[in-house]
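The values are calculated or read from the model by the stated rules, or taken from the named source; none is laboratory data. Just so it is clear, the model here is predicted, and its values are computed rather than measured. Because the Cβ atoms are built from the backbone with ideal geometry, glycine has one as well, and the counts that use them run over all protein chains shown.
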Amino acid sequence: MKPDALVAVARAVFEAAGGTPIDPDYVLPADIPLELSGEAVRARLCLFTDHRGAEMVMRPDLTLPVAQREAARREAGEGGARTYTYAARAFRQPVAPDDQLEFTQVGLERFGYEAGPDADAELFALVHRAVEACGVQPSGVIMGDLAVFPAFIDALGLPAVTADLLKRAFRQEGGVRAVLDAAARPLEPDVASVLDAADPAGALSALLAARGIPLAGGRSLAEIVEGLAARQAAIEAGGLTSGAREILQALREVDCPLAEAAASLSALAGAHGLDGAGAAIDALGARAQAVLARVPAAGLTARFRTGFGRRFTYYDGFVFEVLAPGLAETQPVAAGGRYDGLLSGLSGRRASATGVGGVVRPDRMVRVRKGVS
């Protein structure tokens, strides 16, 4: 089956679910994805400067411009729940040599509907159905819940500055490990001196140059300075106890079948008396049951990982990726999740609504079908 045919098949699944077709803007102000897509995505953006000198970006996915359109609609005074579908091009630097810079995403986004386990499970089942309709049987599913780690942090009763540092670190690859490893160590004297400089960013740039360390990973100098300041404040607030480090190390290593996720997290919370994490764990358990009821095959393919989903910072709850035979784990054929805070963030809190959505990648499914034919 050719790419256009797979696009049509997947789009038909989403349109049958009641979605209104939409073709969102190709170009966005660069600050939108830079602030909302996470560090791992930043280096993959297609940036340019327009005739006014403003930094712009070709849409890196479709969720952001669709959400921007919905935020504007609500700011104008319109209300009500809305479902949108699309089959449109996105632009990102390839994650693998056989990926393309320009590719089609077929997806569905829902705004303003009641959030909960059933809504999440329904969205996942719909995306899973679209993949199967394209003739691809998923080889694996990775699921996460971005509310779990913060719930454990809050339950630990840490000083606010330390809790905030850990929550931000969770969104960075390797960030939690770095915080845990550094929790009992003060900043090196020359690094600490950066924070006292009249121009901390300039001082940091000079320090990196002196050490022969290139600026990499997508973070700006200002963001690195902010992280150092937060770490210093956390150290001054008392850092982390050995017990808290042990709990967080165990938490970030949770990787188990979806059906066992709630029990694994409950056992961890119970062993350390963290009753405050119970609500987040219960919500995860209810969602897992709803997912498995709608997609029984997920009982064999779906795994839960506490740390999954950090690359996409506009997500704030349920997240998932669908894997397929012959492709790397970094090349899912479908993905999605919940982003209830996205419209508020895009509109400066002038509009808000729940949000959940998912996409499939026909270009990758073409390769899967060729590999198994």
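At-a-glance table
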read-out	value
Single unsatisfied condition, Leu47 versus (1) at pLDDT below 85; (2) in contact with a strand residue (DSSP E or B) (Cβ under 9 Å, 6 or more places away or on another chain); (3) surrounded by 14 or more Cβ atoms within 10 Å (Cβ to Cβ)	(3)
Filter result for Ala130 (in contact with a helix residue (DSSP H, G or I) (Cβ under 9 Å, 6 or more places away or on another chain) and within 22 Å of Leu36 (Cα to Cα))	no
Strands (runs of 3 or more DSSP E) lying entirely in the range 287-373 (those with 1 or more residues that are basic (Lys, Arg), surrounded by fewer than 23 Cβ atoms within 10 Å (Cβ to Cβ) and modelled with pLDDT of 95 or more)	302-305
